[in-house]
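Okay, so here's the structure we're looking at.
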Amino acid sequence: MKAPARAIRPGFRAALCGIAVAAFAAGCSSPPEEVLLSQFFRALAAEDRVSAAGLSMAGFPGGPVESWEILESGMVTEGPYRVPELRQEETDAERARDEQFKIFYDFRQGNQEALARILDRRDTNPDVAIGGRLGELAAEWDAHAAERRQLVTSLSEVQMALEEERRRAQRSLLREAPVDYLAGNISEQELLVRTVEDGAAREYRFALIRYDLQNQQGAEVPARWIIAAIEPTTEDAASR
């Protein structure tokens with residue numbers, strides 16, 4: 001689907017409430033993706049960073065936009081809400097880390113003298129070859145240390161993914177809700193958008209997302225579409 005190009009008036013300024021009123025009026029006849037992009041580009045034109053940040057998880061990578069149009073609207077797809085799953089992954093990763101830390105601690109406590117000798121040798125020459133029983137302990141020490149680093153990294157990655165999912169959900173929901181205890185699905189859509197910036201055409205792929213969630217009583221939490229990502233395309237916009 002291709003929407004008509006929409007010009008942006010230079011110097012246009014609107015508070016967030018004004019944008020919301022305009023969006024409500026436009027929503028009667030415009031698809032939600034058009035309403036969202038209208039809000040977003042108007043906020044950018046007004047240099048209203050607060051409103052733009054409320055609508056998008058990503059900054060706009062281009063310059064001042066003179067006009068824009070949607071060239072293609074992808075199908076809306078659904079996927080599971082990942083916060084409950086990621087919380088469980090975080091718990092499992094913390095348990096695995098703590099168990100390994102206990103094993104590592106016991107190993108270190110049981111071999112303090114030998115490990116001190118290993119460290120003394122490595123302080124002099126980090127690449128020194130250590131043989132015999134001391135070499136076996138050094139190899140076991142290294143294996144424990146590598147596993148420890150991997151478990152810490154895995155936990156950090158899960159925690160980062162969980163925090164990102166929480167932020168997206170909070171941005172999409174129209175009222176505060178305990179996002180850790182909600183359930184439901186995520187709706188996603190991709191748009192191909194052409195802009196005119198300083199007289200030149202540019203194209204971007206916008207990833208939109210909306211959290212369709214329910215609370216523990218089964219009541220729906222009102223939500224809106226937000227922009228999750230904006231990526232420039234490598235296509236020649238002038239060829240379209």
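The values are calculated or read from the model by the stated rules, or taken from the named source; none is laboratory data. The structure displayed is predicted, hence computed values, not measured ones. When we count neighbours, we look across all protein chains shown, and the Cβ atoms used for this are built from the backbone with ideal geometry, even at glycine. Side chains are part of the model used for accessible areas, which takes the heavy atoms of the whole protein and leaves out ligands, DNA and RNA. Shrake-Rupley method; radii C 1.70, N 1.55, O 1.52, S 1.80 Å.
Cα axis of helix 112-124 to longest principal axis of the chain: angle in degrees, 0 to 90, nearest 10? Here the helix axis deviates by roughly 70 degrees.
Applying 1/(1 + (r/R0)^6) with R0 = 35 Å to the Cβ-Cβ distance of Met75 and Val152 gives a FRET efficiency near 0.30.
In the elastic network of the chain, a GNM with C-alpha springs shorter than 10 Å, the most mobile of Ile226, Ile103, Ile209 is Ile103. Taking only protein heavy atoms and a 1.4 Å probe, the accessible area of region 150-233 is 45% carbon and sulfur. Angle between the Cα long axis of helix 16-27 and the longest principal axis of the chain, 0 to 90 degrees, nearest 10? With rounding to tens, the tilt is 60 degrees.
Note that the chain presents 58 Å² accessible area per residue, ligands and nucleic acids not counted, probe 1.4 Å. Taking Arg210, Arg167, Arg121 as the candidate residues, the one with maximal mean-square fluctuation in a Gaussian network model of the chain, Cα springs under 10 Å, is Arg121. Hey, what angle do you get for helix 32-45 against the long axis of the chain, alpha-carbon based, 0 to 90 degrees rounded to 10? On a 0 to 90 degree scale, this one is about 90. Applying D = kT/(6 pi eta Rh) to the chain, where Rh is the Kirkwood radius over alpha-carbon pairs, T corresponds to 20 °C and eta to 1.002 mPa s, the Stokes-Einstein value obtained is 98 µm²/s. Database remark: amide H of Ser30 closer than 5 angstrom to no amide H (H placed geometrically; neighbours at sequence offset of 5 or more, or on other chains; Pro and chain starts carry no H).
Each Lys and Arg adds +1 at its Cβ and each Asp and Glu adds -1 at its Cβ; summed about the Cα centre, the chain shows a dipole of about 680 debye. Expressed per residue, the C-alpha convex hull volume of region 54-96 stands at 161 Å³. The local environment of Val221, defined by Cβ-Cβ distances under 10 Å, has a net charge of -2 under the rule Lys, Arg +1 and Asp, Glu -1.
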